[in-house]
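The structure appears below as structure tokens.
The values are calculated or read from the model by the stated rules, or taken from the named source; none is laboratory data. Note that the structure is predicted; figures quoted are calculated from it, not measured. Note that we place each Cβ from the backbone using ideal geometry, even for glycine, and neighbour counts take in every protein chain shown. Heads up: the accessible areas ignore ligands, DNA and RNA and are worked out on the full protein's heavy atoms, side chains in. Shrake-Rupley method; radii C 1.70, N 1.55, O 1.52, S 1.80 Å.
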Amino acid sequence: MEGLENMAFVCMIASLMTYFSGYMNFSLTKSATTLTNFVGTSFLVALFGGFICDTYWTRFKTCVLFGCVEFLGYALLTVQAHFHQLRPIPCKDVSSDQCEAADGSQSAILFTGLYLIAFGTSGIKAALPSLGADQFDENDPKEAIQLSSFFNWFLLSLTVGAIIGVTVIVWLSANLGWDLGFGVCAIAVFFAIIFVGMGKSLYRNNVPKGSPLARIAQVFVAAIRNRDLPIPERAEELHEIHDKEAGVKQEILPRTGQFRFLDRAAIANTTDCASTSINHGPWRLCTVTQVEETKILLRMLPVILSTVFMNTCLAQLQTFSVQQSTTMDTNVFGFKVPGPSLPVIPLLFMFVMIPIYERFFVPLARKITGIPTGIRHLQRVGIGLVLSVISMAVSGVVETWRKSVAIEHNMVDSTEPLPMSFLWLGFQFAIFGAADMFTLVGLLEFFYAESSAGMKSLGTAISWCSVAFGYFLSSVVVQVVNKVTGGWLASDNLNRDKLNYFYWLLAGISTVNFGVYLTCASWYRYKDRGAMKQIENGGEDDAKVKVQMVEI
């Protein structure tokens, strides 16, 4: 399912800039802003999908239902692309004074289709990685290793789908019509739903444990209500539930030292009434596990926020770098490569690197560190952030050279391709592909592994929010830079813009961001799996409690 769904989605990301500017007659800036807002929404709404998974539906049901919504979005865009009455007259067919952008009804159809896709893919992004990871028991040492491998192969599936999307489907859209391109995307999502449905009888399905947002809110409310109570030094003095129905698994998290003010939520205030603590409501008394679940989320937030800017840089490669390619020679061995297919370069690099990373680097690192993943999740993310800085610096160098070629050949205002191969852009894309390989999977696995059992999907969705905020921030950064600099990116002519300065600015900010990330990662404390308990069969004494001694 991931391969097929991402094949359609990445094709959209890669080609919509051309569709917006060439077929909906949007300006370059509006096209870039519309694309980044669409992608940002697609990842941000994953929070809703994660909430649904953990609260009401199984992850399998979420994948199927949200997949149907995404299918409807592609179908609507296919209809609009097929009937010219639903689109504005292309500017290339009329004089410049008659060129008009899409009107209200045409834009309404476009944005309805786009945001049906955004809503559908967001649910899949929240549920599908967790559905796959649920098939492994992270408390079993052997399955913990398999779980780590799953996320790498998940990324490989995502990559293979994306490669087909930015080559085959983008080529179909550019040469045989956008209606065919969108139609193939719709068919791909349809079969993605069929294929994931074929495994229904085989899956380990999660049991929704109620709203994680409500549990978090209860902790804060209870802590505020108990703000005048002294915090006990011994964990045994705090409220916890150890008796459950037979056969029901319940994760028990040990008390930690960070955010001690939240521990007050687990203090039974016996001065209010003579009854036992069992009569206290959840908004007055929470369990230690519930408090620790909230602490985990608070510890994660600085980490995710410090990775946002990397995705702001990624957005530039998928907008301005694609526009760079349209000014360059795109012929390769006599074949004209569509500009939107440029992202295939980092994808091919990832396609080669992921198996090497999984089969050679991880086993070697595992022998040295004793960690199933080879290196810690946050170490993996940090490597990706360093590579993103290098990618932005290289982007500035290549753009400086591209502009010098335009000046040297007196082609600053020419619409003809420069005598410079677009493959030179491959350096910045390849480096960023390696950065994405480290960071994306590092974050997915980090949030799944560190989240409590009752908020795995929400944790996965939060990891995608880094991409969402990065794309939204991209729109803001472009506008602010234009305003402060007097128009580095204000022209529709890249040969007159200062895109190289913009890339170097991003490299500098990314360096500062990496310093912030190091501080956040050093402060973070991993979940103590050695002390974590799971109640498998409720009983009358502590002998019924199984302690999972898994040192990771």
Provide the per residue accessible area, probe 1.4 Å, for region 410-457, rounded to a whole number of square angstrom. 30 Å²
Each label sits 7 Å from Cα toward the beta-carbon; between Glu416 and Leu298 the label points are separated, in nm, by 6.5 nm
Diffusion coefficient, µm² s⁻¹, Stokes-Einstein with Kirkwood Rh over alpha-carbon pairs of region 455-511 at 4 °C and 1.567 mPa s: 99 µm²/s
Unit charges at the beta carbon, dipole of the chain: most positive-side option, Met310, Val184, Cys99: Met310
Modelled label-to-label distance, Asn493 and Leu305, 7 Å Cα→beta-carbon offset: nm? 4.3 nm
Just from its helices, what would the mean residue ellipticity at 222 nm be for the chain, if runs of 4 or more DSSP H residues each count -39500 (n - 2.57) and the sum is divided by every residue, rounded to the nearest 500 deg cm²/dmol? -20500 deg cm²/dmol
Per 0.36 nm of contour for each residue apart, how much would the distance between Arg227 and Glu143 grow if the chain were fully extended, relative to their Cα-Cα spacing? 26.0 nm
Of Lys125/Lys456; Lys295/Lys456; Lys61/Lys456; Lys61/Lys527; Lys403/Lys498; Lys61/Lys200, which ones are farther than 19 Å apart at the Cα? Lys61/Lys527
Roughly what angle does helix 377-408 make with the longest principal axis of the chain, taking Cα atoms, 0 to 90 degrees, to the nearest 10? 10 degrees
Equivalent ellipsoid dimensions for the chain as semi-axes, Å, which come from the Cα gyration tensor, largest first: 46, 25, 23
Explain nothing, just the number: dipole magnitude of region 129-216 about its Cα centre with +1 on each Lys and Arg Cβ and -1 on each Asp and Glu Cβ, in debye rounded to the nearest 20. 180 debye
Compute, for the chain, the length of the dipole vector about the Cα centre, with Cβ point charges of +1 (Lys, Arg) and -1 (Asp, Glu) only. Units Debye, rounded to 20. 480 debye
If you count only protein heavy atoms with a 1.4 Å probe, what accessible area per residue comes out for region 35-194, rounded to a whole Å²? 39 Å²
Can you pull the percent of the chain's accessible area that's carbon plus sulfur, 1.4 Å probe, other chains left in place? 65 percent
Return the FRET efficiency for the residue pair Gln379, Gln85: r is the Cβ-Cβ distance, R0 is 45 Å, and the value is rounded to the nearest 0.05. 0.25
Residues whose built amide H sits under 5 Å from the amide H of Leu418, excluding neighbours closer than 5 in sequence, are Met328, Asp329
Along Cα→Cβ, 7 Å out, is where each label goes; now give me the distance between the ones at Phe335 and Ala214 in nm to one decimal. 5.5 nm
Projected onto the charge dipole of region 335-417 (unit charges on the beta-carbon of Lys, Arg, Asp and Glu, signs +1, +1, -1, -1), the Cα from Ala393, Ile407, Ala365 with the largest positive-side position is that of Ala365
Before I look further, what does region 341-395 give for accessible area per residue, probe 1.4 Å, in whole square angstrom? 44 Å²
Of 327-337, 124-134, 157-167, ordering from highest average Cβ density within 10 Å down gives 124-134, 157-167, 327-337
